[in-house]
Amino acid sequence: MTEQKSDYEFLLAAPKAELHVHLEGTIEPELLFLLAERNGIEIPYRTPEDVLNFQVEKKTSSTENLKNFLECLDISRGVLVKAIDYYDLTMHFLKQCQKEHIVYAEVMFDPQQAMRQGVEFEAAVEAIGQAQKDGLKEFEVETQWIMCFQRDHSPLEAEKILKQAEPFRDLIIGIGLDNAEVSGFPNLFSEVFRQAKLAGYHLTSHCDVNQPDAFDHIRGCIEQLSVHRIDHGLNVAQDEALVDTVLNKNICLTACPTYYATENSCPPDRMKMIKTLFRAGVMVSLNSDDPAQFGSGWLSNTLAVAQRSGGFTRQEMLRFMKNAFQSAWLPENRKKVYLDSLSEFERRVV
Ligand code: ADE
Ligand code: ZN
């Protein structure tokens with residue numbers, strides 16, 4: 001007999017993977033206040049409502065504005081100034097994953113952010129690594145980590161950090177690019193991505209939605225950076241040749257329906273692109289990106305918003321969830337364990 005669940009309960013209860021979530025974007029107000037106080041950092045908020053109101057007031061468009069999104073993110077991630085902050089934040093995130101039934105996450109972090117704030121690279125990564133181990137025991141959530149270089153900072157700095165990361169290969173499985181979308185960025189980072197590829201890392205890059213030069217950037221990431229995934233990358237939907245390319249190369253697009261979204265809905269043009277790609281058979285996964293920013297919410301909320309905004313069936317929502325496990329950077333036998341548990345859930349609940 002199948003269990004009766006509301007759509008939200010169904011999405012919450014399913015065993016899920018997150019492939020596109022930034023550690024620094026998971027600082028919820030309570031932790032933000034705690035870290036700000038502990039570290040003596042001034043922030044322009046007094047209450048949790050202030051955080052959301054400030055961000056909503058900052059919105060200059062109802063769909064995307066990467067610049068002012070990053071301005072707000074900078075205020076939140078500005079409270080991370082010690083290695084212990086990275087430990088506490090990771091543990092907080094993993095505890096939330098357990099509540100969300102996220103059983104596996106590939107989590108992004110920005111070492112340049114930590115280093116600019118006085119946290120040494122090794123100290124930040126060791127703190128994350130300790131939390132990875134403790135969190136696995138305490139919350140039963142498996143993580144692997146994606147080290148993102150910031151596209152608006154020096155590629156030479158990125159090369160130096162790539163060398164520093166060598167002792168942490170067990171933890172860091174992928175390299176990504178994030179932050180402000182600088183014109184022609186794939187070309188700038190081709191050397192460091194060449195080195196990362198040689199070293200055996202999995203590769204991804206943000207191509208944020210509706211940015212200037214979106215098609216060139218997507219093509220550049222595929223051709224010059226040899227990425228295995230693209231974070232966002234939804235403008236692929238508007239170019240048939242790019243749709244063919246991502247299909248042929250089986251490139252996963254990690255879509256984020258609630259990123260910078262208003263009133264808990266996915267902007268219609270973004271949903272249209274997600275649907276076009278999904279119907280064309282492209283590997284699209286659904287992710288939260290920065291759950292504590294701009295009211296995005298955690299993954300189950302993101303999935304519920306996507307289901308409502310896109311009119312997807314439960315079977316289709318399960319397809320998105322399977323896409324995430326299938327595109328995860330895990331050995332085939334580990335993927336199978338997760339996919340089997342999702343199939344078992346499907347038999348029991350759908
Ligand atoms: N950092 C956190 N979220 C991001 C996004 N969506 N694009 C670029 N940089 C980010
Ligand atoms: Zn992102």
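The values are calculated or read from the model by the stated rules, or taken from the named source; none is laboratory data. Just so it is clear, the structure is predicted and the values come from calculations on it, not from any experiment. Here the Cβ is made from the backbone with ideal geometry for all residues, glycine too, and neighbour counts use every protein chain on show. In case anyone asks, the SASA skips ligands and DNA or RNA and just uses the protein heavy atoms, side chains included. Shrake-Rupley method; radii C 1.70, N 1.55, O 1.52, S 1.80 Å.
Taking the protein heavy atoms of the chain in the context of the full set of protein chains, the accessible area attributed to carbon and sulfur is 51 percent at 1.4 Å. A simple count of charges around Leu94, restricted to other residues whose Cβ falls under 12 Å of its Cβ and scoring Lys, Arg +1 and Asp, Glu -1, yields -3.
Taking each of Lys95/Lys322; Lys137/Lys336; Lys133/Lys336; Lys58/Lys336; Lys5/Lys95 in turn, the alpha-carbon distance tops 32 angstrom for Lys58/Lys336. The residues of the chain expose on average 41 square angstrom of accessible surface per residue, using a 1.4 Å probe on protein heavy atoms. Farthest toward the positive end of the dipole of the range 7-349, out of Trp145, Gln164, Thr47, is the Cα of Trp145, where the dipole comes from beta carbon charges about the Cα centre. Computed about the Cα centre, the dipole magnitude for the range 2-77 is approximately 160 debye when only Lys and Arg (+1) and Asp and Glu (-1) carry charge, each at its Cβ.
For the chain, the fraction of alpha-carbon pairs lying more than 26 Å apart is 46 percent, rounded to a whole number.
For the chain, modelled as a GNM whose springs connect Cα atoms under 10 angstrom apart, the maximal fluctuation among Leu247, Leu35, Leu203 occurs at Leu247. Put the Cα centre of the range 159-199 next to the Cα centre of the range 240-283 and the gap is 24 Å. A Gaussian network model of the chain, with springs between Cα atoms under 10 Å, assigns the largest mean-square fluctuation among Pro111, Pro291, Pro212 to Pro212.
Summary: within the chain, the longest segment free of GluC sites (Glu not before Pro) located in DSSP loops with at most 11 other C-beta atoms within 10 Å is 141-262.
When only the Cβ of Lys, Arg, Asp and Glu is charged (+1, +1, -1, -1), the dipole of the range 7-349 relative to its Cα centre reaches about 940 debye. Pick from His206, His153, His22 the residue whose mean-square fluctuation is largest in a GNM of the chain, springs joining Cα atoms under 10 Å. Comparing His206, His153, His22 in a Gaussian network model of the chain, the most mobile one is His153.
Helical runs assigned H by DSSP (4 residues or longer) give the chain a calculated mean residue ellipticity at 222 nm of -16000 deg cm²/dmol, each run adding -39500 (n - 2.57) before division by the residue total.
For the chain, the longest stretch holding no trypsin sites (Lys or Arg not before Pro) located in a DSSP loop with at most 13 other Cβ atoms within 10 Å is which? Counting only loop sites that pass the neighbour cut-off, the longest clear stretch is 47-168.
Ordering Cys207, Ala127, Met91 by Cα displacement along the dipole of the chain toward the positive end leaves Cys207 in first place; charges were set at the Cβ atoms of Lys, Arg (+1) and Asp, Glu (-1). Charge dipole of the range 112-151 (Cα centre as origin; +1 on each Lys and Arg Cβ, -1 on each Asp and Glu Cβ, all else neutral): 260 debye, rounded to the nearest 20.
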